[in-house]
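Scroll down for the structure; my scribbles are underneath it.
The values are calculated or read from the model by the stated rules, or taken from the named source; none is laboratory data. Everything numeric in this text was worked out from a predicted model, so none of it was measured. Here the Cβ positions follow ideal geometry from the backbone for every residue, glycine too, while neighbour counts run over all protein chains shown. The area values use the complete protein model at the heavy-atom level, side chains included, leaving out ligands, DNA and RNA. Shrake-Rupley method; radii C 1.70, N 1.55, O 1.52, S 1.80 Å.
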Amino acid sequence: MRLKSLLLLGFALLLLSNANAQLTNTQIKEYLKTSSFPIDADASAVVLYERISIDIANEDGRYVETRNIHKTIKILKRDALSAANVKVYFPKDDYKNYVYKLKGATYNLDGDSMKETPLPKGDYYKDKLVNEYYEVSFTLPEAREGSIIDYSYDLVSPAYGTLPVWDIQDEYPKLVSEYSLLYPSVISFTSIAYSQKVMKVFPSKEEAMSAKDEFCKYVQNSYAAGKNYTFWVRKNITPIKAEPFVINMLNHKERMELQVLLYNYVTKIPYNNTWEKYNQGEWDDDYAKNARKTYEFLKEPIHKIVKDDTNKLSKAKAIFSYVRANFKTGESPNPGDYNVKTIFDNKRGSWWQVNTVLIAMLNNAGLEAYPMTISTTDGISAASNFPVRHRLVHMVCALVIDDYYIYLDAGNKNNVFGIMPLYCYNGYARVISQKGEAVMLSPDLLEDISSEQIKITCPGDTVQLVEITHRYGMITSSIMRKELEKEKNEETNFIDKLVREKSEDATMVTHKLENTDLPDTNLVVKLTYKTKINGDISSYFMNTSCDKIFPKNPFLAAKRVLPVEFQYRSTIKRYLNVTLPSGCTPVDSLPNPVIITFGDNNMEYRKSVAWFPEMSTVSVNVTYKNNQVVYENDKYDYIRDFYAEVIRDENKIIAFKRK
Amino acid sequence: MSLKNICLLALVTFIFTNNIHAGEQKFPVSAIPDSLLKNAHAVMRLYDARYVINGPAEYTVSERYVVTVLDEKGTGFGNCTEYYSKGNSIDDLNGFLYNKEGEEVKKIKRRDIVDVAAYGSNFVTDYRALLHTFGAHQYPYTTEYEVEKTYYSTLSLASWTAVPGLHCSVQQATVSVEYPLDYPLRFRSKSLPVQPVVATRDGQHILTASLMGFKALKDFDEISVDADMHMPGIVLACDTFSLFGTNGSMATWKDFGRFFYQLNDGRDVLTPQMKATVHQLTDTCTSNQQKINVLYQYLQKNTRYVSIQLGIGGWQTFDATFVCEKKYGDCKALSNFMKAMLKEAGIVSYTTLARVGSPDLLPMNPEFPYNIFNHAILCVPTPTDTTWLECTSASTPAGYLSNSTSDRKVLVGTPEGGVVVSTPTYGPETNVLIRKAELVLNDKNELSGKVSLNYGGLFWEREHANVIDAPRAALDKHLSTVLGFSDYSIAEATARTATEGKIPFIKETMNITATAEANASGSSLMLNTRMFPLLPVPSSRADTSTSKFQLHKSYCMKDTVIITLNGNYAPSTPFKDVDITYPFGSYHLSYTINGKTLTKTSVYTIKAGIYSGDQFANLKKMRGESIGTSRNMVVLGKL
């Protein structure tokens, strides 16, 4: 590199390193005196400043990424002291991977002056975690409530196609978060920001940093010596807080993702920068190729399974049942090997391998089946315009019958035909076929319908006998069967837990589980238990919802930030018949029928009560329905009120007097 | 006999005495007796451990364990997990996989052994583990591992546990411990049907023990008796030991305490600035107790717990100057730092060794010193009392010990040696929950008013993390779950800590509006007065009619509910007061009504202890009385 270019680069870098929002000593002292921040008065800590700077450079023919991390955090409460214990993880590679230039300090108020306690040089620990994964650990000294901790380090590694995600939103509020990228101009990349704030571009970095706008960007191409520079800053970031009824918190976190689109260095091939290219890559991958091949060895097993059945749906069900029952998923004896015969003979493999066999068997039975790659609720959803391959971590089967897709996952013996485990419904997915197709896997594809019949009789003056037949919906049946597996097949414990949920002072008489080994049917639980009568020799009172649909209002918070999300649509029906002690009559008139609805009847609760004096029987029918899986947060008050009203109704008591 | 034959004989003898596995000894599944299959997910076919103690500074352990895994839930028993650190090394590891006929199908490969850091709850440690699994999936299968380890310290002689865990039977487990004639080894066995035997051979003592045909244990539950939860085995200890080159004696608890004291002696020197701070804080105090409280609060506000366990640092504390400068440390370092501050203030205290959680084999025994410890606290004796200090806690008040360190024997390290003492045991007067609701019932069957909840002792421990320093939203959310109503809203909720004597309390107050379970019609009113939830009855899978059970903690719950009604009422049927007492506890319930005011008081008490199985039905009955609707539903007639 020529001297002039070197000098220019050095000057530019100097400018860059000085032109940032890193705190001055004066600012730190002011913040030391601050005990509460308007951005979140309840916060245990506030990130005063955060910077992630990435510098991609070509060194000896390969791209190396140097990531500089700098954080300044104000500790407000003791439970945030863990922020002072820092671990940095890195994989060892054949090029240099390590943590460099580690610096840190803790600031405290000492009277009116500021005391700085530096992290002593070399005061860190390096350990090998497992295989080639390492960590460097350090802990800031003198950290306590009110302290400000500050640390920075460089992390060096080979450059990958996907750049580090900018986690804009985290558990603590942030006053300033910066992300910058200095990269060779032969590389181009794309970014996608998940944020409520509109990003505004400024002509200079200083203007971006000082602007009142809360999401700012600055770009300088041909910055120096064949490098481009992009800088983002986000200000006043509220923390993300967990709320109930959110399927995947990660999808709601504010963040920015970057992916290299292509690099044009000599004759390098562009990255998979479209879903079409992704599909092509997957279509040519071993698992997809093997799943569509014809196999002689499969003929006999398939014939044994389907026999002479010509109906596509029943053939598919039979094959699915076979794979589900006979293959075990878990640690694969042959990781990465998608040879269908090997997996078939082992009867074991990863989820990806087992579903490859399922797809191969369906295709070999004359059906049409494709792999479908999906993200799960353990991670962020894939985006339609942003093919991040590593986000699609799971593979299931997309079966086509009469132009409709049926989704199948044979990885667990309790999975249901046509219903995948709930964690699979995480948004954007890809069917890997010749042309490829996008699919949205949303919870509103799922519906669970359950019913319960309860019969109560009073064989004596003090005891009542409760007989319950509960028929679970298909989704809850699958969940319950998996719970039963976890209880180490001790049915009694499982039942005991169910009974305790219904009545804490119940004494079990009989119990029975039906269809436990038939995953494509409804699980039925039959219970009979005794409990004390509600009343005495002269009066009897019953709660019209002795088995409440909602024992507690699940929506307790006064406010809501995130949408309310349900994992599936549901219908619950309950039929209660109570045969009273002889001679009982209602004290007052019975309650009128109740209808409580919300949101164009998407949420509905209905109850009716009838009295049959000749049989001394009260009959109560209840139906609850929820037909929508996502409600925006502006509907939250209505949802909370709906549940409150249902609970009020469920708490009503009818009194009966005995002659 | 010719030289050649002698060599041949020696070789054959060597082969057989070293139990070469392959082809010589099979473990077909069919050879497992049926009695060992019940409740078992795995069967330990053979466990042979050989200890060779060369002296106080080193001993070796050779182990061979053969496990048949019966089903998926037993997989963990068939894997290999061996720990090591600076204090020991793993010299050799071999493994084999057999099918159900007992034929070898696979052998361990070095590249399949995974070496991982074993942090546990430590921030930094030198503990690591070697892990291996054959990844077999066709059940049943059998694995065999042979391990050779060397230990460089006999402070913690690895005790022998014959049973690897619940749901695992043992067909044959044997142990032999070879040690020099003059080596002061001691042992205690636990639940072994045949007592260990010590013989003398070739100038060595050999201790041998075995366990045969042990049937798998099912899960323990909340009321299992502590003593029954210990696995069969042998605890080993020696009177003299070496720890990273430092020699010590464990012949008596006094000796061991002295060793620990001397190992850490002289490390309690403060920096001049810290000394000045101590005097600044305490010179105006009027009593030693006040000094203790002030310095303890300083420790809690200014230091934090960070566990760094490296080498001898697992036993020897960081200097007090380290904590002075960095303001963090583990339990030993923080206790030592506190001790140094007290010393500067003229108060004597002693770092004390304790065991947190249940030990695997034996609890601390005054007659049998052995290393059982995993925690350090501080003992500050005063003429009339002892103040215990938990130096790793930012919230525990001085003098109080939490559930993890109370009610047990500990070893106080004094210059004269160790002293075994008992930490406080807290009864129902300490572990007390006092709840009071003063509510008004309106015409819409809503109850509104004030609720106060006071959590003491054990209840304080459980409640503390939920409320203190919790964000407003989290506090409100938690308080929305502490009452027995299906739906209620809260306002003006507060939560603060308080101390009464040495007992910590959390005091919560809130105004609520709740949906009552009620029916008012014409002249009568039915109302469910159960406002507060109870702790659940411990569950038990045992046949409690024949076995004993244990209630582990004493506690008392006192509830008062005062409801102002919307009219003058009298009971339509007499109130069902309750007054029952059993050996394990009692429950008292009473109602009074005076015009518009209905008052319900109840006291529910549990006493810790071991009780005969036939009392369990009474325990369930007592709880049934407290939660049953018939006791909580009142029917009132309007006057």
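Across the range A:3-263, the mean sequence separation of Cα contacts (distance under 8 Å, 6 or more residues apart), normalised by length, yields a relative contact order of 23 percent. Protection proxy ranking for A:445-456, A:58-69, using the average of other Cβ atoms within 10 Å per residue and placing the highest first: A:445-456, A:58-69. Rounded to 0.05, the FRET efficiency of the A:ASP285 and A:ALA383 pair, given R0 = 25 Å and the Cβ-Cβ distance, is 0.70.
Placing A:ARG255, B:ARG258 in order of accessible area, with the largest value first and a 1.4 Å probe, yields B:ARG258, A:ARG255. With all protein chains in place and a 1.4 Å probe, the accessible surface of the protein assembly as shown carries 51 percent carbon and sulfur. Sequentially through the range A:377-385, phi angles give Karplus couplings (6.51, -1.76, 1.60; θ = phi - 60°) of 6, 6, x, 6, 5, 6, 10, 5, 9 Hz, Gly and Pro residues having no value and appearing as x. Could you compute the net charge surrounding A:LYS652? Neighbours are other residues with a C-beta less than 10 Å from the C-beta of A:LYS652; K and R count +1, D and E count -1. Net of charged neighbours comes to -1. Peptide A:648-659 has a mean shielding of 4, counted as Cβ atoms of other protein chains within 10 Å of each residue's Cβ.
Using a 1.4 Å probe, how large is the accessible area of A:ASP461, given in Å² and rounded to the nearest 10? It works out to around 80 Å².
Across all directions, the shadow cast by the convex hull of chain B built on its C-alpha atoms averages 37.0 square nanometres.
Between the Cα long axis of helix B:331-344 and the first principal axis of chain B there is an angle of about 70°, rounded to the nearest 10.
Taking a Cβ cut-off of under 12 Å around B:LEU185, the surrounding Lys, Arg, Asp and Glu residues balance to a net charge of -1, with basic ones at +1 and acidic ones at -1.
Once the Cβ-Cβ distance of A:SER619 and B:ALA570 is raised to the sixth power relative to R0 = 56 Å, the FRET efficiency obtained is 0.95.
Its Cα gyration tensor gives the protein assembly as shown an equivalent ellipsoid; the semi-axes, largest first and in whole Å, are 49, 45, 41. Structural descriptor for chain A: relative contact order 9 percent, calculated from alpha carbon pairs under 8 angstrom and at least 6 residues apart. When the Cα positions of A:MET361, A:THR510, A:GLY226 are compared along the charge dipole of chain A, A:GLY226 comes out farthest toward the positive end, with charges on each C-beta of Lys, Arg, Asp and Glu.
Looking at the protein assembly as shown, the accessible area is 44 square angstrom per residue; that uses a 1.4 Å probe and ignores ligands, DNA and RNA. Which FRET efficiency value, to the nearest 0.05, do you get for B:LYS218 and A:ASN221 by plugging their Cβ-Cβ distance into 1/(1 + (r/R0)^6) with R0 = 51 Å? So, using R0 = 51 Å, E works out to roughly 0.15. Ligands, DNA and RNA excluded, the heavy atoms of A:GLU116 present near 100 Å² of accessible surface to a 1.4 Å solvent probe. Applying the Karplus relation 6.51 cos²θ - 1.76 cosθ + 1.60 with θ = phi - 60° to the range A:66-80 yields 3J(HN,Hα) values of 10, 10, 9, 10, 9, 9, 10, 10, 9, 8, 9, 9, 4, 5, 9 Hz, where x marks Gly and Pro. To the nearest 10 degrees, how steeply does helix B:272-282 sit against the main Cα axis of chain B, on a 0 to 90 scale? Rounded to the nearest ten degrees, it is 30. Interface residues of the range B:466-490, defined as those with an accessible-area decrease of at least 40 Å² between the chain by itself and the complete set of protein chains (probe 1.4 Å), are B:ASP469, B:PRO471, B:SER480, B:SER486, B:ASP487.
Helix B:616-627 and the longest principal axis of the Cα set of chain B meet at an angle near 30°. In this view, the solvent-accessible surface of A:LEU367, computed with a 1.4 Å probe and all protein chains in place, comes to about 20 Å². The 3J(HN,Hα) values that the Karplus relation (6.51, -1.76, 1.60; θ = phi - 60°) gives for the range B:467-483 are, in residue order, 10, 6, 6, 6, x, 3, 4, 5, 5, 4, 5, 5, 5, 6, 10, 8, 9 Hz. Gly and Pro appear as x. Highest mean packing first, where packing is the average number of other Cβ atoms within 10 Å per residue, the peptides A:144-150, B:605-611 line up as A:144-150, B:605-611. Shielding value for A:119-131 is 3, the average number of Cβ atoms from other chains within 10 Å of each residue's Cβ.
Nearest 100 Å² is fine: what is the total accessible surface buried where chains B and A meet, probe 1.4 Å? Answer for the B-A pair: about 5200 Å² buried.
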